[in-house]
Every structure is written in structure tokens, then in C-alpha cells.
């Protein structure tokens, strides 16, 4: 157990809905999560392994928040003005909170989540940092210029508070205290925010605090400290230097240093010795996890993303780290530029991230051996005999086929050969299940494996049909291996009729599959063979064209008679003929009405004009003006692709209608 400092942040959190985000962008565990934390500041964080709860003090809010192991807030203990440091009893039954605004140490029942006792520490003592050691609860207290260490003895019939336990007068302000159950007689202390940082250790086994070592470090602006489980090392998170410095508790000489980055602001050590070193960093990983005593590479790192409510990434709150007692989870409090805090649950912190890279040849030949290489990259070596599973997925094994497992070298490198039985896109996936020191990981790569070409044809291409003709389109498929299925798609011209699948089936014994299309528009029919293990996919298209249905009638003539073999409508010169056109309708369609005049044995164009077709597919035009007598004339209606306002049919000319003017 250890107790730490108070956050300097006092900005009020902006309330917003809970969000779930990846716990680390650089190498996240799949189950890492983040939940909104309604805290205006953070003083300390402690994890309770018995009740699976996390306690976070909020000095500005005057409360202790309670969250479950998934990060969701499930309760709060109020009326704790300025509550700062926290420490948990050995049986996890009681949480002790230092409450400077009440000059008291408050006991909280961790099962009932309510205050169970309040122990006064004396007027204006301002206790802040409690730590259980040597059978007592020790606490740092005092205002600027009068820092001291006190103790609370709860072993007798009545609680006993003893002040001024540091007879050396070491502290300018209330020191941060740290202890560890594995070393009940050792108490470590440091001065938060001081430059250079002062550290001291005490022997409290006798019930009194005897200072055993003292130093001024080369670091400054200490934000947090933690004691190793055996009490032999104290690790300090100071703004400078950019490492988490370790000191021997026996004499406080520098020991191991855990590399991190600018600016260290949090540290916690799990009961198994794993070190979580945190920094306040926007542009680098926020948390570095180390095996005890190892400084070469972190087991893993976490880089916290933006919660989506501010600029820049979220940063770790000072002293915002706490291990679950079993080391299976690491809890972190982060804050964004708007003062919004989140409780992040990092669920696989003690295992190195495994990133699997697979390299298959870009192209390969079906039935011939190929070689796949790759690496299972991790910050720690793989044990002898470590193996990864291999799965091949192809057109004949869409759910994947297991191949022999591949051995991993100590550096994670692997290599295997395979002879792909099927062509097309072949995917090789290599998966490592994980172990005690490595997380699970997988990767894949694809190879384009050659296949033979087959023939696929479709009739009726460029054929022209009368409106409404039922036309049979037939696809013919050549030699294949196993797949004899063809899809037939029909795509009529015009955005209002999308392409649709009209038939899927096996070709007959002659290799044919047909569908019938009602040709009311120009239409593209597509045949699709999706390929099989030995023959490549193939697609062919056939576009056939459809005329419109068009006719023209003449009205207001006084008689009908033949001139030669052609029937003419006769009009008096003062009568205006009416020409009614009927045509297949399409939105905004127009038709061309053309006039011709017969002169000296030839027909000559006498003018043309476009007219809008009615929504009922009909339109009537009256020929006005002065009508010359004695001339043969004719008229017809036409649909002209594109010029008639659309492109869904092929150009179609109606039949000529002949007429003649008399006196």
C-alpha cells in the first residue's frame, strides 16, 4: 500500500456521457476501456481487489468516488472537504482518507461505501497523505513551513493520535508517504513540488518514526512516489529528470532508473513488483510498464487517445495510476484540456504486446510450393518451443483451413512453406495465442495465386429490337473445375431502374444459362462467373437496344384517297391539319415532328420541331399558316436518342403520314 499526492488541477469537469475508447493507441489491449469520471480534481487512487472496486479522491469536490473494475462509477462518499491521500487496510475492509478540510482521518466502510468513523488529528493539522506501516496509520500533515509526520494508533480501546513524529524537522510542508505490506517497518517520504526533491526513509517497526536515511535528489518537482513490495527501493516520479528514479531505502543512494519521457508524474508498483511509470505527455506514450529491475525495454506502453471533446490527446493525472492487487489490471485517471477526466481500465498490462507481421509472396503459381515468412514482434523474447497457428483461407476453404503450426525463434521470427491447391486470393493468417508474458496477436498477408482462364460468352450484343420484344439472352460457360454457377444481371438504361440480379444457377449440360428480358429500354445484360479453385473469375456483358413504340394519326381531313399506291388525307386549304403522336412515355421526353414536300420526283425537308410528350404518352400538333395547294406532303414523329431528352431507347422513326391540300 502507498499513498500519494494531491492533483494541482482544480478546473471543474464538464459532464458528458460515458464513452468507450481504446486504452492505448500505440498497442492497446482489446478489452481496455475508458469511462467518464465526474471529478473536478484527483488526489489519489487505490484499487480494492476484494470488492473489485476503485477509489478516487476528489479534493476540489470533497468526495471519494467509487468505480467498479470496468471503470463505471457506482457510488460516492461525500462531505470530505479537501480529501487527498487514500490507503486501504490489509483486509480491504476499510479505506482511510486524509481530509485536511476537517482536520481528520476518515474511515470508509468499503462494503457499505459510507463513512464509518472520523478521527480528529488536531486543529489546523491539515492531514493529507496516510500510509499504513508498523501497526499504525501514519500521515503527512502541516501547512507551508510546518510539515510533519503524525500517526494514528487504532490497536487500543481508544484511537491515539501522535503528532510531530519526525524529530529531525525534515519537511517544509506535508510530506507524501509510501509503505508496502511486505516491509511493514519501512516508511518512505518525499516532498511534492519541491526542487530539488527531498526524500527520507523511516523505521517505524517500534511504533515511532526513526529516520534512517535522507537525501536531496538531482530531480525536481516530485509528483508521486511508490515503495517496492520488499521495501528495498523507492521509485520517484519527478518532473525532472525524464526517468523514473529509484533509490535504495537503506541509504537513499541512486539505484535503478526506469526510462520514460518528459514529464514523469505518476508511479505505482504492483505486489508482484511490476512498475507502472506515468508521464504527462501529449506526444509520447503516457504509461511505461516494466518488470522489476528491468530497464532495457518496457513490457508495454500505453498512449492515451483524445476523448473527443478537446484538442490534443488526454494526459495522465499526477499520481493517477493504481495496480489491481493481482496485477491483472492497471487503472489510470486521465484529463483533457477541458478538465474532463476519465478512468481508464488497462486489462492486460503485464504481458508484452505481440504484433504479428506476415509476408507472403505477392504472386504465386497454383500447385507450386511457396514460402511465407514473418515475425511475432514483442518487447520480450519467446520461450523455446513457442509455436503459432497457421490458417490458409481461399476460395475452396472460405472458413479457413488449419496448416501445421509454425515454431517461433526467440526473436519471434518464423518461416513455413505451403503448396496452394486453389488459385485466386489466398490469405495466410498466423496467430499467437499468448502466454504468461506475451499477449495474443495475429497478422495476415495475401498472395495472388494464378488460375487458368475459362471462356464465358453472352449473345445478343448490339442487337436492335422493337419495343416490348421478349428477348432471350444466353450465357455460355467453358471448362471449369468445380463451380458451374453463373449469375445473370440486367441493367436497363435510366437511373430509375438499377441493375438487378435476375438469375443465379448452374449452366446446363451444354454450358448454357438463359434469361428473358422485356426490351422496353436499351439494356445491358451481364454474366458473372465467380471462379473456382483452378479457373479465374470472368465477367462479360452484352448490350442490346430497344426502339420506342411510336405512331402518328391525322385528323380534320375531308376525305382519304390514293395517289398511286399511297393513301393521302385531303384537306381544304383553309383547314389546319391535326397530327396526334402516340409514343412510349419517359419523364421529360420530347419527340421530333418532321415535314417533307414532294417536288419533281423527290421528297424535300420542309422543317422539323420538337414537342413535349404528354404524361399519357400522347401529344397533338396543329399545322397552321397558309397552305399551298397542289403539293404532296408527309409528316412523321421520331424519337432521337439524347436529343429527345433522354437516352434510354434507341432512335426510332415512326411511319410517314401523307396529306394533300386542295381548294
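A short reminder: the numbers here are calculations on the coordinates, not readings from a lab. Note that this is a predicted model, so its numbers are computed, not measured. So basically every Cβ, Gly included, is an ideal-geometry build from the backbone, and we count neighbours across all protein chains shown.
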**Prompt:** What is the extension gain from residue 368 to residue 479, computed as 0.36 nm multiplied by their sequence separation minus the C-alpha to C-alpha distance, in nm to one decimal?
**Reply:** 37.8 nm
**Prompt:** Taking the highest mean first, how do the peptides 418-425, 111-118 order by number of other beta carbon atoms within 10 angstrom per residue?
**Reply:** 418-425, 111-118
**Relative contact order (%) - the chain, alpha-carbon pairs under 8 angstrom, separation at least six** = 8 percent
**Identified option (computed log10 I(q)/I(0) by the Debye sum over Cα atoms at q = 0.06, 0.10, 0.11 Å⁻¹; candidates [x] -0.59, -0.91, -1.01; [y] -0.43, -0.96, -1.09; [z] -0.32, -0.95, -1.17)** = [x]
**Asked** To the nearest 0.05, what FRET efficiency results for residue 620 and residue 573 with a Förster distance of 22 Å applied to their C-beta separation?
**Response** 0.60
**Item:** Spatial separation of Cα centroids for the range 126-167 and the range 561-639, in angstrom
**Value:** 112 Å
**Fill in**
Length gained if residue 284 through residue 210 is fully extended, taking 0.36 nm per residue and subtracting the Cα-Cα distance, is 22.6 nm
**Asked** Using the beta-carbon distance between residue 397 and residue 435 and R0 = 35 Å, what value does 1/(1 + (r/R0)^6) give for FRET efficiency, to the nearest 0.05?
**Response** 0.80
**Prompt:** Using alpha-carbon positions, what is the distance between the centroids of the range 408-432 and the range 195-236, in Å?
**Reply:** 53 Å
**Request:** Evaluate the Kirkwood expression for the hydrodynamic radius of the range 550-662, namely the inverse of the mean inverse distance over all pairs of different C-alpha atoms, and round to one decimal in Å.
**Result:** 14.7 Å
**Request:** Quick one: compute the contact order of the range 355-449, relative version, from alpha carbon pairs under 8 angstrom and 6+ residues apart, as a percent.
**Result:** 38 percent
**Request:** Take the alpha-carbon centre of the range 466-533, take the same for the range 375-393, and report the distance between them in whole Å.
**Result:** 48 Å
**Among 622-629, 127-134, 101-108, the order from most to least packed when residues are scored by Cβ within 10 Å on average** = 127-134, 101-108, 622-629
**Message:** Please list, by residue number, everything in the range 464-502 whose backbone N is under 17 Å from a paramagnetic label point 7 Å out along Cα→Cβ of residue 509.
**Reply:** 477
**Request:** Could you work out how far apart the two model spin labels at residue 561 and residue 446 are, taking each label as a point 7 Å from the Cα in the direction of the beta carbon, and quote it in nm?
**Result:** 7.9 nm
**Asked** Which of the peptides 313-321, 362-370, 274-282, 429-437 is most tightly packed, and how do the rest follow, judged by the mean count of other Cβ atoms within 10 Å per residue?
**Response** 313-321, 274-282, 429-437, 362-370
**Fill in**
Taking R0 as 22 Å and r as the Cβ-Cβ distance between residue 502 and residue 651, the FRET efficiency 1/(1 + (r/R0)^6), rounded to the nearest 0.05, comes to 0.25
**Message:** Which of 603, 489 has the fewest other C-beta atoms within 10 Å, and how do the rest follow up to the most?
**Reply:** 603, 489
**Asked** Given the Cα-Cα distance of residue 469 and residue 195 and 0.36 nm per residue of separation, how much length would full extension add, in nm?
**Response** 89.3 nm
